[in-house]
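The values are calculated or read from the model by the stated rules, or taken from the named source; none is laboratory data. Bear in mind the structure is a predicted one, so any value in this text is a computation, not a measurement. Neighbour counts run over all protein chains shown; Cβ positions are idealised from the backbone, glycine included.
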Amino acid sequence: MHKTESSKRMAESKESVWWKEQIIYQIYPRSFNDANGDGIGDLRGIIEKLDYLKELGVDIIWICPIYQSPNDDNGYDISDYRAIHPDFGSLADLEHLISGLHDRGMKLIMDLVVNHTSDEHEFFKASQSSIDNPQRDYYIWKEPASDGGPPNNWMSFFGGSAWAYDKSSNEYYLHLFTKKQPDLNWENPKVRNEIYDIINFWLEKGIDGFRMDVIPLISKRTDYPDAHEDSFPKVIEKVYSNGPKVHDYIKEMVSKSIAHYDVLTVGEGPGISKEVALKYVGKDRGELNLIFHLDHMYLGQGKDGKYTPVPYTLTDVKRIFNEWDEAIGTDGWISIFMDNHDFPRMISRFGNDDEYRVECAKLFSMLILTLRGTTCIYQGSEIGMTNVAYESMDDYRDVETLNFYKEQKNLDISDQDFLMMAREHSRDNARTPMQWTSGKNAGFSESDKCWLDVNPNHNVINVEACKKDPNSILSFYKQMIKLRKNNNTFVYGQYEELSKGHDKLFIYKRWDNKQTYIVCLNLSQDVIDISDYITSNVTCMISNYKDDNTSQLKAWQAKLFRTI
Ligand code: ISL
Ligand code: CA
């Protein structure tokens, strides 16, 4: 072998790691599949669907928190990190799930929520019990401001002050999320060691990594400055996230736990801008493997977040993808996704979930499977699930929706308008039960009542119907997943948008020294000529329409070309 060739191979193999090439599938366990008929999805329910997931072609399953929790925020408020919530099953069920996945060559990553605990966690109970308790400084306690009010003007992600008053000690504790999610004090080395023990406990069970909830929030600016930014995402970025010790903490966490295992770490990155991202995921940083940045997800959030909306366009979405690709390239790594359990359904938000629902769902699958980064598919996207339009606020369960509803008067929104906004923005849009069949409860549960009502459109949108139709969204996902997995150009290849500035087209090139692909997406209902973009000899590999006229894109048409 030539020297150059062998060194090139070495470079390639150094570059190639499983978590770049594999595909993540996110499961919201309460809503995936209910095996025991109590109306709540569970681990046995997931186990029943492992062959479905294998057939889809995904590799890494991320499951949202399944630990013991009073469920103020559906498991993101943990009261015992080493116990499985009985709603979901037992530790034995989890072990069964791990082996079921491993037997199929798949992996499991769990949610690690360690910026905060539940207020029902033993640590917080001790901490709150008295100012002199040795665990008092496991959390962040502050004296009132001079007027007796909260120590500063920080707002919770879910509305209202981020400080809760504790009468018995006349102090406030910090909770960036709900009052029942007090923030841990990472300045305290004892807290950090407790957390590393928890991480090691789960790694020893043989899981394949973690999705780390709000990881850039763990280090606080300990002078607690007031926030003056003009949008909530900016407050997150400039005031809550990227605190002075965040990288020391992540490095320490990795060296004391993660580094001893071949596992994947995905940081959820609220407030991680493209300017600082490489500090978290840069190849040689010894921190995280990849992040979910939220720039495109936070589009449209104004002063207090999603319920004080500001306008944005699809050009902003493209710009964000472009800028992130440029900032990261192959120096670090990100995930590509367009929805999760915290945001509306991707086709309802960015596309057309009505007349062109099928075309749109296929188009967005092509988008998330051909950009540079590890694709993460949220459960239900593979069958084109949509937002739900509940009749009344009584049908909503999400604490964010309900808290902002309480705050609605301050936000100057009428009752009817709030319901309309909830239909557009509520996290429950993404949390309705998975639609397996057109039957009772969409085949999700035998129960008479599910924890959150199923979307009535399950009579049309469901897995069973997709399986019968060779042109279904599900079948398109399978083809796209196969295509990506057989062509590493989509993983490692370079990226460039060819349609910059166009407000309807998103056309880009992915290439390396072996192949060039051109992805053509029409993010509108107009028929658009694309002959200017397809200059060389090309062959169409897949399209979401039957016809193959290379010079035109129909409404929400998506075509993938290979140059020959
Ligand atoms: O949900 C959001 C906006 O509606 C986000 O701002 C979200 O709160 C943020 O990305 C953090 O999310 C994560 O931590 C939260 C939890 O509620 C979310 O479900 C989780 O993904 C607190 O643990
Ligand atoms: Ca159940």
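Worth a mention:
- Test: residue in the stretch 402-412 that is touching a Lys or Arg at 6+ places or on another chain (Cβ under 7 Å) and either in a helix (DSSP H, G or I) or surrounded by fewer than 22 Cβ atoms within 10 Å (Cβ to Cβ) (or both): no
- For the stretch 40-82, filtering for residues that are in contact with a Leu (Cβ under 8 Å, 6 or more places away or on another chain) and either within 16 Å of residue 120 (Cα to Cα) or within 16 Å of ligand 2 (Cβ to nearest atom) (or both) leaves 5.
- Pair list, Cβ under 9 Å, 6 or more apart: the stretch 468-479 residue farther than 14 Å from residue 359 by Cα, other residue of a type outside the set (A, V, I, L, M): 469/475; 478/55; 478/57; 478/382
- Here the stretch 537-561 is the region considered, the condition is being in contact with a Phe, Trp or Tyr (Cβ under 6 Å, 6 or more places away or on another chain) and assigned to a strand (DSSP E or B), and the residue that is surrounded by the fewest Cβ atoms within 10 Å (Cβ to Cβ) is 540.
- The residues of the stretch 158-183 that are in contact with an Asp or Glu (Cβ under 9 Å, 6 or more places away or on another chain) and either charged (D, E, K, R) or farther than 25 Å from residue 397 by Cα (or both), listed by number, are 165, 170, 171, 172, 173, 179, 180.
- The listed residue being touching a Lys or Arg at 6+ places or on another chain (Cβ under 8 Å), under 30 Å from residue 246 (Cα atoms), modelled with pLDDT of 95 or more and away from ligand 1 (no atom under 16 Å from the Cβ), out of 98, 40, 60: 60
- Where residue 109 falls short, out of the listed (1) within 30 Å of residue 479 (Cα to Cα); (2) touching a Ser or Thr at 6+ places or on another chain (Cβ under 9 Å); (3) part of a loop (DSSP other than H, G, I, E, B); (4) of a type outside the set (Phe, Trp, Tyr): (3)
- Count of the stretch 134-155 residues, restricted to those that are touching a Leu at 6+ places or on another chain (Cβ under 7 Å) and free of Cβ contacts under 8 Å to residues at least 60 places away in the same chain, is 2.
- Long-range neighbours under 8 Å by Cβ, at least six apart or interchain, first residue outside any loop (DSSP other than H, G, I, E, B) within the stretch 337-357, second charged (D, E, K, R) and more than 16 Å from ligand 2 (Cβ to nearest atom): 346/339; 347/353; 347/357; 349/339
- Meets criteria (under 20 Å from residue 177 (Cβ atoms) and either within 16 Å of ligand 2 (Cβ to nearest atom) or not in a loop (DSSP other than H, G, I, E, B) (or both)) for residue 291: yes
- Some residue of the stretch 177-196 being without any contact (Cβ under 8 Å) to a residue 40 or more places away in the chain, crowded, with 22+ Cβ neighbours inside 10 Å and in a strand (DSSP E or B): no
- Complete set of residues in the stretch 97-129 that are touching a helix residue (DSSP H, G or I) at 6+ places or on another chain (Cβ under 7 Å) and surrounded by fewer than 16 Cβ atoms within 10 Å (Cβ to Cβ): 104
- Complete set of residues in the stretch 413-431 that are in a loop (DSSP other than H, G, I, E, B) and away from ligand 2 (no atom under 16 Å from the Cβ): 413, 414, 426
- One residue alone among 507, 534 is β-branched (Val, Ile, Thr), free of Cβ contacts under 8 Å to residues at least 40 places away in the same chain, crowded, with 16+ Cβ neighbours inside 10 Å and in a strand (DSSP E or B), and that residue is 507.
- Residue in the stretch 458-470 that is assigned to a loop (DSSP other than H, G, I, E, B) and farther than 26 Å from residue 384 by Cα present: no
- Candidates 436, 451, filtered to the one that is modelled with pLDDT of 95 or more, under 30 Å from residue 264 (Cα atoms), not hydroxyl-bearing (Ser, Thr, Tyr) and not in a helix (DSSP H, G or I): 436
- Annotation: residue 252 fulfils all but one of (1) part of a helix (DSSP H, G or I); (2) of a type in the set (Asp, Glu); (3) crowded, with 19+ Cβ neighbours inside 10 Å; the unmet one is (3).
- Residue ID - surrounded by the most Cβ atoms within 10 Å (Cβ to Cβ), chosen from residues in the stretch 346-388 that are in contact with a Cys (Cβ under 6 Å, 6 or more places away or on another chain) and of a type in the set (A, V, I, L, M, F, W, C): 347
- Within this structure, residue 206 fails the test of being within 12 Å of ligand 1 (Cβ to nearest atom) and either assigned to a loop (DSSP other than H, G, I, E, B) or in contact with a helix residue (DSSP H, G or I) (Cβ under 8 Å, 6 or more places away or on another chain) (or both).
- Candidate set from the stretch 297-317 (those that are in contact with a Leu (Cβ under 7 Å, 6 or more places away or on another chain) and assigned to a loop (DSSP other than H, G, I, E, B)); member that is nearest to ligand 2 (Cβ to nearest atom): 304
- Checking residue 275 against (1) in a loop (DSSP other than H, G, I, E, B); (2) touching a Ser or Thr at 6+ places or on another chain (Cβ under 7 Å), the condition it does not meet: (2)
- Among the residues examined, residue 246 does not qualify as closer than 20 Å to residue 336 by Cβ and either out of contact with any His (no Cβ under 8 Å at 6 or more places or on another chain) or crowded, with 17+ Cβ neighbours inside 10 Å (or both).
- Filtered residues of the stretch 377-420 (kept if among the aliphatic types (A, V, I, L, M) and within 16 Å of residue 157 (Cβ to Cβ)): 399, 402, 411
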